1. Restricting attention to the range A:88-103, report how many residues are more than 7 Å from every other protein chain (Cβ to nearest Cβ) and surrounded by 21 or more Cβ atoms within 10 Å (Cβ to Cβ).
2. What tally of residues in the range A:439-471 results from selecting those that are loosely packed, with under 14 Cβ neighbours inside 10 Å and not in a helix (DSSP H, G or I)?
3. Looking at the range A:279-364, what strands (runs of 3 or more DSSP E) fall wholly within it and have at least 1 residues that are assigned by TED's automatic domain parsing to the domain that holds A:Ala47 and at pLDDT below 85?
4. Of (1) crowded, with 18+ Cβ neighbours inside 10 Å; (2) over 20 Å from A:Ala414 (Cα atoms), A:Gln201 satisfies all except one. Which?
5. Every residue in the range A:196-216 that is assigned to a loop (DSSP other than H, G, I, E, B) and touching a Ser or Thr at 6+ places or on another chain (Cβ under 6 Å), please.
6. Test of understanding: among A:Ser116, A:Ser100, A:Ser167, which residue is in a loop (DSSP other than H, G, I, E, B) and over 28 Å from A:Tyr69 (Cα atoms)?
7. Hey, could you check the range B:50-66 for residues that are at pLDDT below 80 and facing another protein chain (nearest Cβ under 7 Å) and say which is surrounded by the fewest Cβ atoms within 10 Å (Cβ to Cβ)?
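The values are calculated or read from the model by the stated rules, or taken from the named source; none is laboratory data. Every value quoted in this text rests on a predicted model; they were computed, and no experiment measured them. Counting neighbours? That spans all protein chains shown, and the Cβs are built from the backbone with ideal geometry, glycine included.
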Amino acid sequence: MAKKSGSSFGNFDKSTVFDPRPVKPITTEFSKGSVPDSLYTINRESAWSRWRRGYEIATARFYDNSYEYPFVYMIPVPTGTPTPGNPPSIPGVFKGFPTSNKEFGMHWAGTRNAGSLRFDNIFDKNGIPASIKSVTEDANYWYIQLEGAWSTTNPLPPPLYVPLPGSPVGLKAINGEILEDRIITPQGIPITRDTINPNTQTRYGYVQAVLADTDPFNGILKLRKAGSVEATPDKNLITPASRPPNVGRFLMTGTRYCCSCQDFNRRDYGYMSSLNRVSESLRSKFPRSGMSSLKPGRYEVMSLSGVVDNSAMTSAQANRDMLIVSPSPQYNVPPTVTPTTSTKPGAARDNPGVFRDFGSMYLRSTTDPSLPGARAEGMPSYEDYAASNNVITSLTDTWTPLLDEMRYCKHIYAMKYEEGVFPPEPSDFPVGIGSMVAWEQRLVSETEKDQASAAAKLQRESLSIMDVPPYNCQAPMMMPMMQKLFNIPSNFVKMAGFKMLDKDGNIYIPAKGEKPSA
Amino acid sequence: MANFGDVVDSNFIYSATQLNTRIYGDSTITYSGSPTVYHVGDVVHLPYVSGEISTMEAVGLAWAAFASGLGPA
């Protein structure tokens, strides 16, 4: 992406009349000029730099910038479900990171607490809970056989596997989740990396890995070794894990993080509040995206009562719908015709006036270098889509599950630091950037300064009540993040489901007009 | 009062109270804002009683309803 005016992420392009006279042949050479070179791209994309920056923003203004909104989301159950006495819910927290790079001056990140989904609540037809029966492995994956009698007539229950009426393939809704073997006994308290086994007086330890795929008819989960984390008996976190999950334990979901920042979304959201305010010349701007940056993919549209609605939210009572548009039916999310999915040939990963896609999805190579013919973990690859004879054969965009550590932005690293599960130092240290000492010293001082000025700007301009979670959760910028965070269908993300906790731990329900205590 | 040639460490003298509060490891750290607390705990919805459904089941019900075109109640 060439350098543009506006924020460091650029801004919407101004329409200009093409003038061929100043066009000259490209004389630049590899790694020179304003076109970002491959080293620059690798450094910018490196997990190490996000990890380091995450530590910095967590510590720079640790106590001043604590914009936190704990919540309990009450999952709306489908019609006909018996209403239970203790309704099921998802606990989590929204956290704001002041920034000058975003409209309203805030990136909103969210977490869903670990243990929301527990495998000791999954039973086969005989009522046997799904503990880890045995583990086998190959070079890249662990294969977890779950306890229980699973077959084509008794597959793993939803959300692990959701049969689709009239379709041979079902949904595997929680593929991409992080799983941890932290439950020792059914209905027991999950262990932490500090829990000591009373029989041996050593720490239990656990393993964390991403669920890559599910074999619902045989009761097998496929966990990816690359990016796995092990809590060792001496309380360290190491990656990749040196051993598989423990047989006999129950899996549960790990903490899930999502963020609304440009890096996590790979998108630049529109700066609408300044579009017609700054100067007369900007008034002629019509939001559009350059043709050269458009790539096949999916985008979402927010609508209220059937009408497209990209405005800021003004009511905690109105519920918007999210429609995901994909270029052909096989890329619908999920892969079936549903009320919230539609197909539009030629759909791109872009929604002019709302967001512009950066392009270049980061994919890491997961092959084992010890295998003959395999690539070593080295240069990252980038993929947007693959096509053969003008037919798209695969899509990679922000709606593709890519939930491993490479998808963490610096805000998520900051939250992991504050939570005490800061991961080990990633190995993709930036290359060719001169003195790391100078770089870090500049980072420390600039982060401190940036955070202070962004927070001061935020205090001066202030956020309206509708600009903070959960009131803004159905704004165009937030809804895709909410769907990914909760991992439930977007029409199940309702304003009425949010119970918020104020600073004293008292519950208030925004949809009922309640406010935090002063 | 320092005389000419004395080595002085600072340009003012700490009071006894100040010295007491500056003992390493014992001084009170003050900060503004509230400290980061965002884990109400990893244990959710325990224990269950008869008739209650877990979050796992509820998420499963939501996806199953979605797949068959149903919405939330």
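1. Of the residues in that region, 7 qualify.
2. Here the count works out to 2.
3. A:321-326, A:341-343, A:355-357, A:361-363
4. Condition (1) is where A:Gln201 drops out.
5. Residues satisfying the conditions are A:Tyr204, A:Gly205.
6. A:Ser167 is the lone residue from the list that is in a loop (DSSP other than H, G, I, E, B) and over 28 Å from A:Tyr69 (Cα atoms).
7. For the range B:50-66, the residue satisfying everything is B:Gly51.
Results for (1) surrounded by fewer than 21 Cβ atoms within 10 Å (Cβ to Cβ); (2) assigned to a loop (DSSP other than H, G, I, E, B), shown as yes or no for each residue.
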{"site": "A:Lys133", "(1), (2)": "yes, no"}
{"site": "A:Thr136", "(1), (2)": "yes, no"}
{"site": "A:Trp150", "(1), (2)": "no, yes"}
{"site": "A:Pro155", "(1), (2)": "yes, yes"}
{"site": "A:Pro158", "(1), (2)": "no, yes"}
{"site": "A:Thr185", "(1), (2)": "yes, yes"}
{"site": "A:Gly188", "(1), (2)": "yes, yes"}
{"site": "A:Asp194", "(1), (2)": "yes, yes"}
{"site": "A:Asn218", "(1), (2)": "yes, yes"}
